[in-house]
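To keep things clear, I will list the structure first and then write my remarks on it.
No lab work stands behind these numbers, since they all come straight from the coordinates. Note that the structure is predicted; figures quoted are calculated from it, not measured. Positions of Cβ are backbone-derived with ideal geometry, glycine not excepted, and every protein chain shown enters the neighbour counts.
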Amino acid sequence: MEAVLLRARGVPDSRAIATYLAAGGYEGWKKALAMAPDAVTREVTDSELRGRGGAGFPTGRKWSFVPKDHPGPRYLICNADESEPGTFKDREIIEHDPHQVIEGIAIASYAVGAKTAYIYIRGEFVRWARILEEAIEEARRAGFLGKNGLGSGFDLDVWVHRGAGAYICGEETALLESLEGKRGFPRLKPPFPAVVGAFGKPTVVNNVETLACVPHIMTRGAHWFASIGRPRNTGPKLFSVSGHVNRPGVYELPLGVTFREIIHEHCGGIRGGRKLKAFFPGGTSAPIMTAAEVDVQADFDACAQAGTMLGSGGVIVLDETVDMVEAAANVAHFYAHESCGQCTPCREGADWCKDILDRMVEGHARAADPETLLRICRFSSSGMTICPLGDAYALPISSMVNKFREEFDRRIGTATPLPQKKLPVLPWAGPRPGFGV
Amino acid sequence: MPKLTIDGRTVEVAAGTNLIEAARAAGIEIPFFCYHPYLTVVGQCRICMVEIQGQPRLAVACATPAAEGMVVKSETSERAREAREAVMEFLLANHPLDCPVCDQAGECLLQDHSMEEQRATFTTHMTETRRTFPGYESRLIGPHVIQNQNRCIHCSRCIRFTQEISETSALTYKSRSNSTFIDTFDGKPFEDPMSGCAADVCPVGALTVRGFRFRKRAWKLRSTPSICPGCSIGCNIFIEHHERVVYRFSPRENPGVNATWLCDYGRFLAESLNEQAYLHPQRRVSGQLARATWGEVFPALSTELKAARSLRVVASANLSNEELYLARELFGRHLKGEIVVPVFPGEPRRMKNGKREWLTSTDAHPNSHGARRLGMATVDGEGLVRFLRGAAGTTVILDPSAHPSLASEEALQALGRGPLVAFARAKHPVADLAGWLLPTPSLASNEGTFVSSTGSVQRFAPAFAPPGTVHRTATGAMSPTCPTIASPWGPPGEARPLWVVLSSLAREMGVATLDLSSPADIFALMARTEESFAGVDWEELGVQREQRSYRERQHVG
């Protein structure tokens, strides 16, 4: 497949606006400005572009939810808080072609009527935040952004806002809270951000990759975009492959490619000639898939049908040497650390899972542990929490327990009891002054 | 007005009502921890899960508005029950099981819910080491509030209280995930003017009030509806008492005045109600105060008052409308005395009502509005001294705490020149001059009405008979002496509410119209004769004598 989103990779000086313009950059923006905002939204709806951040919600529909008659400002937010373990595709886009994202932001802002757009970028992405700021400045100087961009009468300001290091701020409502300067707690929905978003105004939050697709849809048409991939799962998709493969990296492939092709053809198979054991199809938040499921197509619907999700397209490949209990403990550690602490099942459950898995790894598994893990996961997912982080930790862990149950049971067979803790005998020092008040 | 069905019961509620309130209207209790009717809904605790027909997932009742035709299953839904059980397991996984030594026991939502709804066969699956916050088990975070972070269930009620009601934003979350804890912003002391309410809204024993901790078990307390005597805003309170000792005030819900809040100044007046310096009527005989009986007081005093050359009466804005009315009628109209009500501005106080508007008061008294409504003359400190220095004659002081300048040297000098009748509860220098010293009980033993700064007439109920001798126990608690086992709190004292004394005096003087046997009767007379109270009905002001306290009613109201 021809490179679309990553066409600038390998081009010298690819970040400069001149290089981007030479490759036909900002033509989509010009074309969009000549159209009515509704027509732009319709074009994106027709392309069947689905959000690349993880949930796969149709982008055109998301834009159409913004109330047309709302007085006052609206906002467009580009979610560059790429923190999902095993995902590094947005960084790749920004690294090689930041103008693609900025053009997408401009078109999307025009479509939803936003005069201010924010790029919420992960705090650790210092280099990429600078790249974006430079690119915005270039675009502004070239007259694409700012007051009366391209003489169209449409004003647009784009700002880069750096996060402060929380995974949860990739969740769109937590992102909004963080953007507003508050603690990154996801909000109760409804109301959805399209109605009440940043600063209480209608807001659209789109992923970097989603927005990077938009200029191509505008220049080459919805039909061209829809011709890539499968029906309802259209367009190119970036897969960031990591783990035990020979050639890890970011690959641009049409949706609907099988995981076998990704792992064995594009990434050159498993490292050291070992066998595939399992893989995460879309970051660790997606339920794990076994080697037997490698022929599933990598798109939103096929993954959903296989009981997992495409998520961000961060494929993490595990070979036969991996111990699933340790892998589960690794996953649990991440989510126990990144839970925001707001709702009960996720706050208490993620940490509890971590404690159990740590104990199993240390060789002190108990007979009831797998069932307890499954129970914790069951009551942390499917609507038990405000945001999807409950599902994000519960589904992979429960899928690992279910699909590799014998490894968990083996741990129980070889377990030793926890060593008894000796409590120290404290010397009686008399009542402490000021204690207990 | 959506009509919906909850657990088979159909109920019609106002639009926008959430399912917890709708269920309550139908007589069904949906458990909650983070929900509070006067704070924003956050849906964090996840205990209020209900099943709604046609929705694949369970919904949180607190954040779901009632809709027409909605069919909700709460207790009848096995899925919802399972989910709640799981949430309880999550909450209790790290909550210390220290109820016996926790001061919140008895008024703890977590304890109540686990006692009420946890199935008897349920056992936890938790076998790990419990999360603790070393150093945060008994931390004084402000002048009045003690934090035990181990018990916190992260409901964020206290944080929302400081953000939305007291507007200090003094409390905040720190850290994240399972190590999230409550701390004061920037580590500053929690010096919120309503800090006690943060402990009130805490559903568990994570925040407790320092002054009340370990004084009395919550289930021993009786709650009597009353009105805060701190200022003229007139916050509705419960006097919480046991064996004729007041232990605390807790806010009583009134959306028009104080919602469910109470400022620290008012809250900590509770202790002052226990002071009863004068226990018996006393009469000065050859320079010495000697004990008298009420039987002797009425005839002798009425003769004395009738014979007085001139009569000056210092009333007080601390008195109820009924007492002020009796005083005005008896001393002013029948004995042709001169009567004034001293008032003075106190520290400005404010309170947020249920509509989240600030009510303010600079009055130091609860009933200066009532005195004005009865058309009584008010004076400031200087005016009071001038009034006392006027023509020599008999002076009656109905409440020495009416004005601080009553204790000034000028005032005492003026009072020393003629016969003095003083009613008093707390120690006061006028007692040394009084010919008659008559004990009055505190607000807790009185009944009547106050007029609030918003103009509403509010009733307070008597909590207990006037206390007898009290002494301080080793723990500093006020406790009555125990002369007999049959009557562990001793015989009631002889202090009499002022309205009792005034109506008895009226009977003695033959003023039959004022010889009334209850505040209700006096109020009825007032409503008949006073234009400013016309049409107000005592029963409609109604407070039941004994109500369950707000803390207990957090489940149902």
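Run through the DSSP bridge list for the range A:17-227 and note the antiparallel percent, rounded to the nearest 5. Around 10 percent antiparallel, to the nearest 5.
Which residue fluctuates the most in chain A, going by a Gaussian network model with Cα springs under 10 Å, if the choices are A:Arg130, A:Arg378, A:Arg42? Maximum fluctuation in the GNM of chain A, among the listed residues, is at A:Arg130.
Put simply, when A:364-373, B:221-230, B:34-43 are sorted by average Cβ atoms within 10 angstrom per residue, most first, you get B:221-230, B:34-43, A:364-373. Judged by the gyration tensor of its Cα atoms, with axes a ≥ b ≥ c, the range A:182-263 is oblate; a/c meets the 1.5 cut and b/c is at least as large as a/b. With a simple spin-label model that places each label point 7 Å from the Cα along the Cα-to-Cβ direction, the separation between B:Thr10 and B:Leu140 comes to 6.0 nm. For the pair B:Ser456 and B:Phe214, a Förster radius of 35 Å applied to the C-beta separation gives a FRET efficiency near 0.40, rounded to the nearest 0.05. Size check on chain A: the Cα extents along the three principal axes, sorted descending, read 79, 64, 37 Å.
With the contact rule set at Cα under 8 Å and sequence spacing of 6 or more, what percent relative contact order holds for the range B:294-424? Value for the range B:294-424: 29 percent. Convex hull volume of the Cα atoms of the range B:273-370, normalised per residue: 169 Å³. The range B:66-107 and the range B:168-219 have their alpha-carbon centroids 22 Å apart.
Can you list which of the chymotrypsin sites (Phe, Trp or Tyr not before Pro) found in the range A:1-105 are DSSP loop residues with at most 14 other C-beta atoms within 10 Å?
On the way: sites: A:Tyr20, A:Tyr26, A:Trp29, A:Trp63, A:Phe65, A:Tyr75, A:Phe88; in loops: A:Tyr26, A:Phe65, A:Phe88.
Here the sparse-neighbourhood loop sites are A:Phe65.
Based on the Kirkwood approach, the hydrodynamic radius assigned to the protein assembly as shown is 33.2 Å, with every pair of different Cα atoms included.
Computed from Cα atoms, the angle from the helix A:369-378 axis to the main principal axis of chain A rounds to 30 degrees. Using the alpha-carbon atoms, what tilt in degrees (0 to 90, nearest 10) does helix A:37-46 show relative to the longest principal axis of chain A? Long axis of A:37-46 versus the principal axis of chain A: about 50 degrees.
Over chain B, what is the relative contact order in whole percent, taking alpha-carbon pairs under 8 Å and six or more residues apart?
On the way: 1134 pairs, mean separation 65.4, N = 557.
For chain B, the relative contact order is 12 percent.
Using 0.36 nm per residue of separation minus the Cα-Cα distance, give me the extension gain between A:Arg220 and A:Trp159 in nm, one decimal.
Full-extension gain reported as 19.2 nm.
Can you tell me the orientation of helix B:294-307 relative to chain B, as the angle in degrees between its alpha-carbon axis and the longest Cα principal axis, to the nearest 10? Roughly 50 degrees between the two axes.
Every helix of 4 or more DSSP H residues in chain A counts as -39500 (n - 2.57), and over all residues that averages to -11500 deg cm²/dmol at 222 nm. When the square roots of the Cα gyration tensor eigenvalues are ordered a ≥ b ≥ c, the ratio a/c for the range B:139-274 is 1.5 or more and a/b exceeds b/c, which makes its shape prolate.
Please figure out what share of the DSSP beta bridges in the protein assembly as shown is antiparallel and state it in percent, rounded to the nearest 5.
Values: 67 of 107 bridges.
Around 65 percent of the beta bridges assigned by DSSP in the protein assembly as shown are antiparallel ones.
Compute the relative contact order of chain A as a whole-number percentage, counting only Cα pairs closer than 8 Å that sit 6 or more residues apart in sequence. It comes to 16 percent, rounded to a whole number.
Here r is the Cβ-Cβ distance between B:Arg333 and B:Ser272 and R0 is 51 Å; the resulting FRET efficiency, rounded to 0.05, is 0.95. Name the most mobile residue of A:Pro419, A:Pro73, A:Pro98, meaning the one with the largest mean-square fluctuation, in a Gaussian network model of chain A with Cα contacts below 10 Å. Most flexible of the set in this elastic network: A:Pro419.
With helices as the sole contributors, chain B gives -5500 deg cm²/dmol at 222 nm; each DSSP H run of n ≥ 4 counts as -39500 (n - 2.57), and the sum is divided by every residue.
First check a/c for chain B, with a ≥ b ≥ c the square roots of the eigenvalues of its C-alpha gyration tensor; if it is under 1.5, answer rounded, and if not, answer prolate when a/b is larger than b/c or oblate otherwise. Please report the intermediate quantities before stating the final value.
Working: a/c = 2.40, a/b = 1.99, b/c = 1.20.
It is prolate, given that a/c is not under 1.5 and a/b is the larger ratio.
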